[in-house]
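**Q** Input: one structure, supplied below.
The values are calculated or read from the model by the stated rules, or taken from the named source; none is laboratory data. The shown structure was predicted, so the numbers you read here are calculated from the model rather than taken from an experiment. Cβ coordinates were reconstructed from backbone atoms using ideal geometry, including for glycine residues, and neighbour counts include every protein chain displayed. We work out accessible area using only protein heavy atoms, side chains counted, and drop any ligands, DNA or RNA first. Shrake-Rupley method; radii C 1.70, N 1.55, O 1.52, S 1.80 Å.
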Amino acid sequence: MGQGEAAVTTRTSDSAIVRATAPDLAGRPPASDCPLRDVLDRIGDKWSTLTLGTLASGPHRFSVVQRAIPDISKRMLTQTLRGLERDGLIARAVFPTKPPSVEYRLTPLGFTILEPLGALVQWADEKHAAIKAARSAYDASN
């Protein structure tokens, strides 16, 4: 177990014992000073995650990214791309054409988030049915 981690042991509904290492979030600095919250504010929203996933396959123009995420508005995609660029996760290249064309790509820093995001996507795929069942059970009892 590394520094800043806590051992967690729990029993599931089918009596299986699950042991895991979880981050120890107790005693974190206030939100304004917390590096974890600062980073999660960016990568924790659905639009950033979907945008990063789209750009993982290579550089794309704005319209291609928007088609890949059909339920995002132009305004929200623009804000998301600017935020990701500000955080150094993507780069924006403007080409001198008429009209100018703009392309977005992952930076080396942006590529480093793909493995953890991939693990999260895999977890979501594997646990989606269990989460839906838990929601249904909760909704039925409340």
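**Q** Residues in the range 73-93: is at least one assigned to a strand (DSSP E or B), of a type in the set (D, E, K, R) and at pLDDT 95 or above?
**A** Within the range 73-93, one or more residues are assigned to a strand (DSSP E or B), of a type in the set (D, E, K, R) and at pLDDT 95 or above.
A quick yes/no check of all residues on (1) more than 26 Å from Ala124 (Cβ to Cβ); (2) touching a Phe, Trp or Tyr at 6+ places or on another chain (Cβ under 7 Å):
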| residue | (1), (2) |
| --- | --- |
| Asp45 | no, no |
| Ala93 | yes, no |
| Ser101 | yes, yes |
| Thr107 | no, no |
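**Q** Kindly indicate whether any position in the range 31-45 is in contact with a Leu (Cβ under 8 Å, 6 or more places away or on another chain), in a helix (DSSP H, G or I), closer than 20 Å to Leu117 by Cβ and not hydrophobic (A, V, I, L, M, F, W, C).
**A** Scanning the range 31-45, I find at least one residue that is in contact with a Leu (Cβ under 8 Å, 6 or more places away or on another chain), in a helix (DSSP H, G or I), closer than 20 Å to Leu117 by Cβ and not hydrophobic (A, V, I, L, M, F, W, C), so the answer is yes.
**Q** Given the conditions (1) assigned to a helix (DSSP H, G or I); (2) of a type in the set (Gly, Ala, Ser); (3) in contact with a helix residue (DSSP H, G or I) (Cβ under 8 Å, 6 or more places away or on another chain), and given that Ala140 satisfies all but one, which numbered condition is not satisfied?
**A** Only one criterion is unmet by Ala140, namely (3).
**Q** With surrounded by 14 or more Cβ atoms within 10 Å (Cβ to Cβ) and among the aliphatic types (A, V, I, L, M) as the only criterion, which of Ala93, Ala56, Ala137 stands out?
**A** Just one listed residue meets the conditions, Ala56.
**Q** Ok, one more. Checking the structure you have, find out if any residue of the range 22-44 is surrounded by 14 or more Cβ atoms within 10 Å (Cβ to Cβ), at pLDDT 95 or above and under 18 Å from the mean Cα position of the chain (by Cα).
**A** No: the range 22-44 contains no residue that is surrounded by 14 or more Cβ atoms within 10 Å (Cβ to Cβ), at pLDDT 95 or above and under 18 Å from the mean Cα position of the chain (by Cα).
**Q** If you don't mind, there's one more thing I want to ask. Taking the range 63-90, which residues are surrounded by 13 or more Cβ atoms within 10 Å (Cβ to Cβ) and over 19 Å from the mean Cα position of the chain (by Cα)?
**A** Val64
**Q** With respect to Ala124, is the statement that it is in contact (Cβ under 8 Å) with a residue 12 or more places away in the chain and within 18 Å of the chain's Cα centre (by Cα) true?
**A** So Ala124 does not fit the description; no.
**Q** Out of the residues in the range 96-134 that are in contact with a strand residue (DSSP E or B) (Cβ under 7 Å, 6 or more places away or on another chain) and either assigned to a helix (DSSP H, G or I) or within 19 Å of Thr51 (Cβ to Cβ) (or both), state the one that is most open to solvent (accessible area, probe 1.4 Å).
**A** Only one residue tops the list, namely Arg105.
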